[in-house]
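First up is the structure itself, then whatever we jot down about it.
The values are calculated or read from the model by the stated rules, or taken from the named source; none is laboratory data. All values derive from a computational prediction rather than experimental measurement. Cβ atoms come from the backbone with ideal geometry, glycine included; neighbour counts cover every protein chain shown.
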Amino acid sequence: MSLMGTMKAVTGSFDGMPAAADVQLAAGASPRHDWSREAVRAVYRRPFLELVFAAQETHRRFHDPGQVQLCQLLSIKTGGCPEDCSYCPQSAHYRSGVESGGLLDVEAVYAAARQARDGGASRFCMGAAWREVRDGREFDAVLEMVAQVASLGLEVCCTLGMLTDDQAGRLARAGLTAYNHNLDTSPEFYSQIITTRRYGDRLRTIEAVRKAGITVCCGGIIGMGESDEDRIGLLQQLATLDPHPESVPINMLVRVPGTPLGESEPADPLTLVRTIATARLLMPAAMVRLSAGRRSLTREATALCFLAGANSIFVGEKLLTTPNPERDEDERMFRELGLRAIPNGQSRS
């Protein structure tokens, strides 16, 4: 199929004439939220080079292609999680070598956030290995962490498990920018990965976050044994949220010994690129974050991810409990690819 054919599949044009969606995308108007499974499948299955080229064109309409946001993620409460997510070394169900610890002090979190800001990060994320937020002393401490990090001029994101409307409102009032709550995979494959939380639970938390006026960070993981159809299903779920998530993290599974997926076959990096490119076309205004699993990628595969529309990475030695590329590696990569970090205050998420 020609590139024109690819763009027809993406925007809904026909007979060689631009549809209204083409004009809207070019003008930067509101993206579509009515993606059917068939339409998403048509985009995802385009010939690889045509798909990446179309994604890069769309990326340039909505973003500066030379800018990438640097985020840093800190585990503020590690291990002992009652959930049975098959990919997660922090689950109490598995013997992964991750020890359970208590909540970090507010002062330690503030110091880590200040160091992240001074190192060029414009977004600081905090993760707690909880199934859900419970009111009380620990949540009060998290609210203080959010306020302290926000005082540094950073975007502040948390991932704490399920939330009530009231808890989301309290986080918003404390200064939270974004809340991360991934869908992980398609509704059909979900029960093969997690049994302790329902898909609808995740969607309800996202709704609570939206009601509170907090931006949504929501994506998924590839390499868990899912099919192309499952990746298509995940992308459709994300692309039919209205509004779209402002932040869409795409993770490559980090295979941790002791977890059920610790010995799984690695995903093809080109599948990661294809997923990122489709996400960019379906959700053109979102920040598409190349998240976990970067250590398993070659320099060339990482470059393709940026070409496909990724415009954010996580820096720092760890992503919660799993290793991340060294900072000097990332700095060298940025120089080689001509990329630069988005300054504080310029991200859309």
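Yes/no matrix, rows are residues, columns are (1) of a type in the set (D, E); (2) touching a residue at least 12 places away in the same chain (Cβ under 8 Å); (3) in the same structural domain as P260 (by TED's automatic domain parsing); (4) in a strand (DSSP E or B):
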position	(1), (2), (3), (4)
Q72	no, yes, yes, yes
G79	no, yes, yes, no
Y94	no, yes, yes, no
A108	no, no, yes, no
F124	no, yes, yes, yes
G127	no, yes, yes, yes
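Of the residues that make up region 182-203, is at least one surrounded by 24 or more Cβ atoms within 10 Å (Cβ to Cβ), touching a Pro at 6+ places or on another chain (Cβ under 6 Å), touching a residue at least 12 places away in the same chain (Cβ under 8 Å) and part of a loop (DSSP other than H, G, I, E, B)?
No: zero hits.
Starting from residues that are of a type in the set (A, V, I, L, M) and more than 17 Å from P343 (Cα to Cα), keep the ones in region 52-71 and report whichever is surrounded by the most Cβ atoms within 10 Å (Cβ to Cβ).
Result: A55.
Take the residues of region 327-344 that are within 15 Å of A116 (Cα to Cα) and surrounded by fewer than 18 Cβ atoms within 10 Å (Cβ to Cβ): which is modelled with the lowest pLDDT?
This residue is N344.
From (1) crowded, with 23+ Cβ neighbours inside 10 Å; (2) closer than 30 Å to A168 by Cα; (3) more than 16 Å from the chain's Cα centre (by Cα), pick out the condition that doesn't hold for N324.
Every listed condition holds for N324 apart from (3).
So that you can scan it fast, the table gives a plain yes or no per residue for (1) farther than 19 Å from T185 by Cα; (2) surrounded by fewer than 17 Cβ atoms within 10 Å (Cβ to Cβ); (3) in the same structural domain as E207 (by TED's automatic domain parsing); (4) under 16 Å from the mean Cα position of the chain (by Cα):
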| site | (1), (2), (3), (4) |
| --- | --- |
| I250 | no, no, yes, yes |
| V256 | no, no, yes, no |
| E265 | no, yes, yes, no |
| R274 | no, no, yes, yes |
| G293 | no, no, yes, yes |
| A308 | yes, no, yes, yes |
